[in-house]
1. Hey, can you tell me all the residues within segment 115-132 that are over 21 Å from GLN159 (Cα atoms), buried (at least 20 other Cβ atoms within 10 Å of the Cβ) and β-branched (Val, Ile, Thr)?
2. Give the residues of segment 133-176 that are in a strand (DSSP E or B) and within 18 Å of GLY91 (Cβ to Cβ), sorted by residue number.
3. Of the conditions (1) within 16 Å of the ligand (Cβ to nearest atom); (2) out of contact with any Phe, Trp or Tyr (no Cβ under 9 Å at 6 or more places or on another chain); (3) under 13 Å from ASP13 (Cα atoms); (4) among the β-branched types (Val, Ile, Thr), THR67 fails just one. Which one is it?
4. VAL94 fails exactly one of the following numbered conditions: (1) surrounded by 18 or more Cβ atoms within 10 Å (Cβ to Cβ); (2) out of contact with any strand residue (DSSP E or B) (no Cβ under 8 Å at 6 or more places or on another chain). What is the number of that condition?
Amino acid sequence: MVDYVIREATPEDSEQIIIHNDSIANEPHNGITRGAGECISLEDERAYLAASLASDNSLFLVAVQPTGKVIGVAGLQGGRRKATRHSGGVGISVDREWRDKGVGSALLRHMIEWAKTSNTITRIELEVMTHNERAIHVYEKLGFKLEGKRLAAMYKDGQYIDIYVMGLLLFNYPLPE
Ligand SMILES: CC(C)(COP(=O)(O)OP(=O)(O)OC[C@H]1O[C@@H](n2cnc3c(N)ncnc32)[C@H](O)[C@@H]1OP(=O)(O)O)[C@@H](O)C(=O)NCCC(=O)NCCS
């Protein structure tokens, strides 16, 4: 049974989002940039969510249970310059015990549908560690294309990690052969 909804986050979700983010950050070999102990304060989280709510080219989604517990998050941060306002960068994570149950795909689908009607975002982009096979599978399933590889772009757990750059264009663009 699906006992969660996906909706835009408000500053009132900040505490639950921090609990979720910290649990992912503390996972060994997590697929995200943040590591253990790299915390965001409640005040900063609240300010970030308020700014996202007020923005026309950013979105922060939560998958939230009736209790208020946040089981997944997906953020789209649009560019701040005129030249990059159309392009939004994605970050996403789902609680460990909720993975492989469709939550991540549902969050991304919701985000893509929002972007299509946003009148601002026409490109969605992300970076993913090359060994993060589950995440890459989900992104490709939803139409993201591999655009490049950044060698040793990250250093985590004592080793360099290569990163794929992936993008999803929401309009027809003459892609190179
Ligand atoms: C990546 C993540 C957001 C995906 O969310 P999720 O809720 O687990 O994803 P879903 O359940 O919607 O889909 C998982 C899919 O990956 C597939 N999968 C699982 N493990 C896989 C693997 N090792 N290789 C390829 N595919 C895999 C599942 O079979 C499923 O495929 P389907 O949708 O075709 O049936 C989530 O796993 C997560 O938070 N991981 C840790 C943090 C992270 O890596 N974030 C992304 C940073 S770029």
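What follows draws every value from the coordinates through simple rules; no lab data is involved. Keep in mind it's a predicted model, so treat the numbers as computed, not measured. Using ideal geometry, Cβ is built from the backbone for each residue, glycine included, and neighbour counts are taken over all protein chains shown.
1. Passing the criteria: ILE121, ILE124.
2. Once the filter is applied, which keeps residues that are in a strand (DSSP E or B) and within 18 Å of GLY91 (Cβ to Cβ), segment 133-176 yields GLU147, ARG150, ALA153, MET154, LYS156, ILE161, ILE163, TYR164, VAL165, MET166, GLY167, LEU168.
3. Condition (1) is where THR67 drops out.
4. (2)
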